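The values are calculated or read from the model by the stated rules, or taken from the named source; none is laboratory data. Just so it is clear, the model here is predicted, and its values are computed rather than measured. Here Cβ is always computed from backbone atoms with ideal geometry, including for glycine, and neighbour counts include all displayed protein chains. Just so you know, the surface numbers come from the protein's heavy atoms only, side chains and all, with ligands and any DNA or RNA stripped out. Shrake-Rupley method; radii C 1.70, N 1.55, O 1.52, S 1.80 Å.
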Amino acid sequence: MTDNSSQAVLRRRTVGEIATTLPGATAVFRTFKIDFCCNGDLALEDAARRRGVVLAELEGRLGELDSKTRTDTDPAMMDSGELIDFIQARYHAAHRQTLPELVKLSRKVEAVHRENPQVPAGLADVLQQLENELELHMSKEEATLFPAMRDVAGNNLATTIDDLRHEHDDQGDALHRMESLTDDFTLPEGACRSWQALYVGTAQLAEDLMEHIHLENNILFP
């Protein structure tokens, strides 16, 4: 994938398709801060341009990956039922466990370090809103969409899926606000343990939520 013709093909593919079919691509996209979940329909060259990334560097990193390393445990290789089980166990459960703790931790950091100009003021409110909206979103999937997807004779789900995609866009906006408030989760010098734990936790949340949205938007929903 490193020759010119292969690179030309790669740059015209969407980032969602690349993330779905090329093992390791999501890690590369996270490194370059390429949105492969909510903006997965963008061509690679357009996504790089939007983010201000040098396309040749991005293509080079992707070209180093081996597309033959997929296994049966790869979510992209699962059928719909298996993927739904994986999403619920890996991501729904994780979000419900971590978000309440991150809200509490963020409120503590914002209160204790309110005089510090680098404190992520407003982060707790963003996390609280995300927790509330994500709980409604996941409950809707678990009560309505997922059972219908398991039923091969189920009704047309296009409208429901379209609504959920719009909610994913809102979740993506929340991630961008988190990144902005935390300077991409960059700790100030001398940050206390609570501050350190907050940024480790929110960075992991951002990574998990991006992967969660990617699996639904680019694999499960299609």
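Please name whichever of ALA89, PRO75, VAL119 sits farthest to the positive end of the charge dipole of the stretch 61-142, dipole taken about the Cα centre and charges placed at Cβ: Lys and Arg +1, Asp and Glu -1.
Result: VAL119.
Using protein chains only and a probe of 1.4 angstrom, how many square angstrom of THR186 are accessible, to the nearest 10?
For THR186, solvent-accessible area is about 70 Å².
Based solely on its DSSP helices, what 222 nm [θ] is calculated for the chain when runs of n ≥ 4 H residues each add -39,500 (n - 2.57) and the sum is averaged over all residues, nearest 500 deg cm²/dmol?
Using -39500 (n - 2.57) per qualifying helix, the result is -19500 deg cm²/dmol.
What does the C-alpha gyration tensor say about the overall shape of the stretch 16-110? Classify as rounded when a/c is under 1.5, otherwise prolate if a/b is larger than b/c, or oblate.
Verdict is oblate for the stretch 16-110.
If R0 is 22 Å, what FRET efficiency do you get for ASP85 and GLU133 from their C-beta distance, rounded to 0.05?
For R0 = 22 Å, the calculated efficiency reads 0.40.
Pick from GLU131, GLU17, GLU115: which is most flexible by mean-square fluctuation in a GNM of the chain where alpha carbon atoms under 10 Å apart are linked?
Among GLU131, GLU17, GLU115, the largest mean-square fluctuation in the Gaussian network model of the chain belongs to GLU115.
Got a number for carbon plus sulfur as a percent of the chain's accessible area, 1.4 Å probe?
Solvent-exposed carbon and sulfur of the chain make up 48 percent of the total.
With labels modelled as points extended 7 Å from the Cα through the Cβ direction, what inter-label distance (nm, one decimal) is found for VAL9 paired with ASP162?
In this crude spin-label approximation the distance works out to 3.4 nm.
Gaussian network model of the chain, Cα springs within a sub-10 Å range: biggest mean-square fluctuation belongs to which of LEU99, LEU65, LEU198?
Among LEU99, LEU65, LEU198, the largest GNM mean-square fluctuation belongs to LEU65.
Hydropathy at least -1.0 by Kyte-Doolittle, axial extent at least 27 angstrom from the Cα trace: which helices of the chain, defined as entire DSSP H runs, fit?
Qualifying helices: 93-112, 193-214.
Over the stretch 103-222, average the accessible area per residue using a 1.4 Å probe and give it in Å², no decimals.
On a per-residue basis, the stretch 103-222 sits at 51 Å².
Note the listed values [x] 29, 17, 16; [y] 30, 25, 14; [z] 29, 24, 18, then indicate which one is semi-axes √(5λ) of the Cα gyration tensor in Å calculated from this particular structure.
After the calculation, the listed value that fits is [y].
Normalised by the residues of the stretch 19-177, what does the relative contact order come to in percent, with Cα pairs under 8 Å and at least six apart?
The value is 20 percent.
Got a sec? What order do GLU179, GLU141 fall in by accessible area at 1.4 Å, biggest, i.e. largest, first?
From most exposed to least exposed: GLU179, GLU141.
Have a look at LEU99, LEU187, THR159 and report the one farthest towards the positive end of the charge dipole of the chain, computed about the Cα centre with Cβ charges (Lys/Arg +1, Asp/Glu -1).
LEU187
Quick one: if the Förster radius is 30 Å, what FRET efficiency do GLU57 and THR144 give, using the C-beta to C-beta distance and rounding to 0.05?
0.10
R0 = 30 Å: FRET efficiency of GLN118 with GLU207, Cβ-based, nearest 0.05?
0.85
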